[in-house]
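A.B. asks: Take this structure first; my questions come after.
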Amino acid sequence: MNREEKKIMGLTTASHSLVHLFEGVLPPLIPLLIADFATDYFHLGIIVSVFSYAFGIGSLPAGF
């Protein structure tokens, strides 16, 4: 692998890691979001589910 390919691989790996970081940061924040927005687990769960489905469906065309 030459130097340019290593740069591309490093950027791709870092970007992919950030995607998983941003996905994983939401669940621990749920109790804080419930307190800040004065809601309950059911309604916040619906919002998180819609976000997750939108993210998953949006990642399909981005994968190509």
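A.B. asks: Can you classify the stretch 3-63 as rounded, prolate or oblate using the Cα gyration tensor, where a ≥ b ≥ c are the square roots of its eigenvalues, rounded means a/c under 1.5, and otherwise it's prolate if a/b beats b/c and oblate if not?
C.D. replies: Oblate is the answer for the stretch 3-63, as a/c is 1.5 or above yet b/c matches or exceeds a/b.
A.B. asks: Now a separate question. Starting at the first residue of the stretch 26-36, write each ³J(HN,Hα) from the Karplus equation 6.51 cos²θ - 1.76 cosθ + 1.60 with θ = phi - 60°, in whole Hz, x for Gly and Pro.
C.D. replies: Each residue's phi maps through the Karplus curve to give 5, x, x, 8, 4, x, 5, 5, 4, 5, 5 Hz.
A.B. asks: Can you run phi through the Karplus equation (6.51, -1.76, 1.60; θ = phi - 60°) for the stretch 47-64 and list ³J(HN,Hα) in whole Hz, with x for Gly and Pro?
C.D. replies: 5, 5, 5, 4, 4, 5, 5, 4, 5, x, 5, x, 6, 4, x, 5, x, 6
Any read-out appearing in this document is the output of simple, stated calculations on the displayed coordinates, not a laboratory observation. If you're wondering where the values come from, they're calculated on a predicted model, not measured in any experiment.
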